[in-house]
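Read through the structure below, which is laid out as structure tokens, and then see the notes.
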Amino acid sequence: MPANIRAGDVMRKSVVTVSPGDTVDKVVDAMVDLDIGSVIVSERHKPIGIITDSNLLERVFSKHKDPRKMLAEEAMSHPIRTIEPDTDLEEVTRIMRDLGVKRLPVASDGRLVGIVTETDIIAVSPALFELARELTELRLGYTGKRSGTYTGVCERCGEYSEDLRSVEDMLVCPECRGA
Ligand SMILES: [Zn+2]
């Protein structure tokens, strides 16, 4: 693990969020449309939970619950552990291992600013570079529609927006896309 690399260096600034009162079908739509494995549940920009693909399998689909009637707050894992942008990657890896999670939201002063996934950490570890390259190629090969409007953190400027749209495969706010 390279020294002095911090969460802020490898985090994805594009984070899709939903409100606790949103229905689970909205979460499913976002995950499928954007080809992402999780969304953060947030209240006034503060992350309060996370819904991952395994949450959906365990809490919704395997129990035959109706995603149109179930709320995000019922499907999410919480409380959520967040890390700071300056948390170093060894610490991030240790927290992931201790909690048995593959993703950690990054918050600065309690405000969501990004997310670090296990894949992002693998990408900066030289021993696993080849695997990361393969994963990246798989990701780039994705040709989803990414046509919706999402709430979360703009991938370009890092500001929170309720009107993120996909431009050149980045989720960006109205200002960054010149709207
Ligand atoms: Zn922006």
Worksheet item: Would it be correct to say that I121 is touching a Leu at 6+ places or on another chain (Cβ under 9 Å), at pLDDT below 90 and among the β-branched types (V, I, T)?
Response: yes
Worksheet item: Within the bounds of the stretch 91-110, is there any residue that is more than 19 Å from R6 (Cβ to Cβ) and touching a Pro at 6+ places or on another chain (Cβ under 6 Å)?
Response: no
Worksheet entry | Count of residues meeting criterion [surrounded by fewer than 23 Cβ atoms within 10 Å (Cβ to Cβ) and either outside any helix (DSSP H, G or I) or of a type in the set (A, V, I, L, M) (or both)] in the stretch 16-29 | 7
Worksheet, complete the sentence: All-but-one check, V10 against (1) more than 19 Å from C154 (Cβ to Cβ); (2) in contact with a helix residue (DSSP H, G or I) (Cβ under 6 Å, 6 or more places away or on another chain), failing number (1)
Worksheet entry | Among residues of the stretch 1-59, those that are farther than 16 Å from I80 by Cβ and small (G, A, S), counted | 5
Worksheet, complete the sentence: By residue number, the members of the stretch 1-15 that are part of a loop (DSSP other than H, G, I, E, B) and buried (at least 18 other Cβ atoms within 10 Å of the Cβ) are M11, K13, S14
Worksheet item: Would you pick out the residues in the stretch 39-48 that are out of contact with any helix residue (DSSP H, G or I) (no Cβ under 7 Å at 6 or more places or on another chain) and of a type outside the set (D, E, K, R)?
Response: I40, S42, H45, P47, I48
Practice prompt. Filter the stretch 151-179 down to residues that are among the small types (G, A, S) and more than 10 Å from the ligand (Cβ to nearest atom) and give me whichever is surrounded by the most Cβ atoms within 10 Å (Cβ to Cβ).
Written response: G152
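The values are calculated or read from the model by the stated rules, or taken from the named source; none is laboratory data. It should be emphasised that the depicted structure is a prediction, and the values quoted were computed from it without experimental measurement. Positions of Cβ are generated from backbone atoms using ideal geometry, with glycine treated the same way; all protein chains shown enter the neighbour counts.
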